[in-house]
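Only one structure is covered here, and it is reproduced in the block below.
The values are calculated or read from the model by the stated rules, or taken from the named source; none is laboratory data. Computed from a predicted model, the values in this text were never measured in an experiment. We place every Cβ from the backbone using ideal geometry, glycine too, and count neighbours over all the protein chains shown.
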Amino acid sequence: MKIARVRFKNLMETYGIVSDDGKKIITKEQIQEETGIPIPPRIKEFLFGGWIPEVKETGKDLKFELPLSEVELLAPLPNPPKIICLAFNYYDHARDAGLTPSEEPVIFLKPRTALNSPCGDVISPSYVKRLDYEAEIAVIIGSRIKKVTEENSLDAVFGYMIFHDVSARDIQFRDKQFTRGKSIDTFAPCGPWITTKDEISDPQNLRITTKVNGETRQNSSSSNMVIPIRKIISSLSNLITIEPGDIISTGTPAGVAMSMKEPRYLKHDDIVEISIEGLGTIQNRILFN
């Protein structure tokens, strides 16, 4: 199942289920009308409150009639408890940066105010001169866990989505840490929807591509992760309590601008398109103000 949060032209916000081909949506209001299920008004309650099995069973013949092109896709989760991001979790990316990958997750946190819609503009301060892209698989946690084993950790996963970890490298290099240069408003486009884990047979074997103005910059696979998702979740849960709605972004593969022999950082009006197998595509325009 693909679950999206959307806004109509009249600014009314809602959520719904996206068709298998990713072209149409049925909103919660229409689901209620067709099935009689009084699903909750907020998407977080729907995702983690146990409603989905009933909707799946009762709504097997739901009619997808509203084209996605007629609504604006929003960030699927507006208020996640935490956004946890991993650094250098791909062998090829670490190699290009001249680093030895860590056996344990190296993490930083992004504020939820950085969240951006899957097609929203990324607005960077004009003083940033080294703006970079990072395509990542984000894990959406579905249950509260603490000290979970690797063998059981994927049971806590609700689903997956695309996460664009936009990075101001000049701030990052000057600070010698990640948070400030990655926390600016709009620096976390994500979506286009949450894909439930039952639709992803192997999250460790998904093709990841990034294009800038149509030119392929990143072309890798989640099979190149240093620390697989099951271990990421287990390791983090032994340090902190993981909650429903937490977003864990699992790092980016090779091909980012900073690792090029002649870095080609993002410029005003560039278009960044990220596609991940099974999860869809997001596209963001870069603006400097």
Looking at (1) of a type outside the set (Asp, Glu); (2) touching a Gly at 6+ places or on another chain (Cβ under 9 Å); (3) assigned to a strand (DSSP E or B), which is the only condition Pro244 fails?
(3)
For Met258, which of the numbered conditions (1) under 19 Å from Ala75 (Cα atoms); (2) buried (at least 16 other Cβ atoms within 10 Å of the Cβ); (3) in contact with a Lys or Arg (Cβ under 6 Å, 6 or more places away or on another chain); (4) not charged (D, E, K, R) fails to hold?
(1)
Those residues of region 266-283 that are touching a Phe, Trp or Tyr at 6+ places or on another chain (Cβ under 9 Å), part of a strand (DSSP E or B) and of a type outside the set (A, V, I, L, M, F, W, C) come to a total of 1
Could you check, for region 177-196, whether at least one of its residues is part of a loop (DSSP other than H, G, I, E, B) and crowded, with 21+ Cβ neighbours inside 10 Å?
yes
Evaluate the following for Val122: is it in the same structural domain as Ser221 (by TED's automatic domain parsing), surrounded by 15 or more Cβ atoms within 10 Å (Cβ to Cβ), closer than 22 Å to Arg5 by Cβ and of a type in the set (A, V, I, L, M)?
yes
Kindly indicate the residue of region 42-64 that is farther than 22 Å from Lys82 by Cα and in a loop (DSSP other than H, G, I, E, B) and also nearest to the chain's Cα centre (by Cα) among those meeting that condition.
Trp51
Only one of these is farther than 16 Å from Ala135 by Cβ and crowded, with 21+ Cβ neighbours inside 10 Å: Ile208, Ile242. Name it.
Ile242
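Taking the stated definitions as given, is Pro253 assigned by TED's automatic domain parsing to the domain that holds Asn89, farther than 23 Å from Arg169 by Cα and buried (at least 18 other Cβ atoms within 10 Å of the Cβ)?
No, not satisfied.
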Of the listed residues (Arg112, Arg95), the one being at pLDDT below 95 and either of a type in the set (Val, Ile, Thr) or surrounded by 14 or more Cβ atoms within 10 Å (Cβ to Cβ) (or both) is Arg95
Among the residues that make up region 225-248, is at least one of them in contact with a His (Cβ under 9 Å, 6 or more places away or on another chain) and closer than 28 Å to Ser69 by Cβ?
no
With respect to Asp61, is the statement that it is surrounded by fewer than 21 Cβ atoms within 10 Å (Cβ to Cβ) and out of contact with any Pro (no Cβ under 8 Å at 6 or more places or on another chain) true?
yes
Name, by its number, the condition in (1) touching a Phe, Trp or Tyr at 6+ places or on another chain (Cβ under 8 Å); (2) free of Cβ contacts under 8 Å to residues at least 24 places away in the same chain; (3) not in a loop (DSSP other than H, G, I, E, B) that does not hold for Ile37.
(3)
Please verify whether region 45-58 includes one or more residues that are surrounded by 14 or more Cβ atoms within 10 Å (Cβ to Cβ), farther than 26 Å from Met1 by Cα and in contact with a helix residue (DSSP H, G or I) (Cβ under 6 Å, 6 or more places away or on another chain).
no
Subset tally (residues that are more than 17 Å from Asn219 (Cα to Cα), assigned to a loop (DSSP other than H, G, I, E, B) and either within 19 Å of the chain's Cα centre (by Cα) or among the hydrophobic types (A, V, I, L, M, F, W, C) (or both)) for region 122-145
3
Could you please give the count of residues in region 71-92 that are outside any loop (DSSP other than H, G, I, E, B) and modelled with pLDDT under 95?
3
Given the options Thr195, Thr216, name the one that is hydroxyl-bearing (Ser, Thr, Tyr), within 15 Å of Ile248 (Cα to Cα) and at pLDDT 95 or above.
Thr195
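Being aromatic (Phe, Trp, Tyr) and more than 26 Å from Ala97 (Cα to Cα) is the filter here; which residues of region 262-289 pass it? Walk me through it before giving the result.
Restricting attention to region 262-289, the residues satisfying the condition of being aromatic (Phe, Trp, Tyr) are 265, 288.
If the condition is that a residue be aromatic (Phe, Trp, Tyr) and more than 26 Å from Ala97 (Cα to Cα), then Phe288 is the only one that fits.
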Regarding region 81-96, can at least one residue be identified that is closer than 27 Å to Pro263 by Cβ and either touching a Cys at 6+ places or on another chain (Cβ under 7 Å) or free of Cβ contacts under 8 Å to residues at least 24 places away in the same chain (or both)?
no
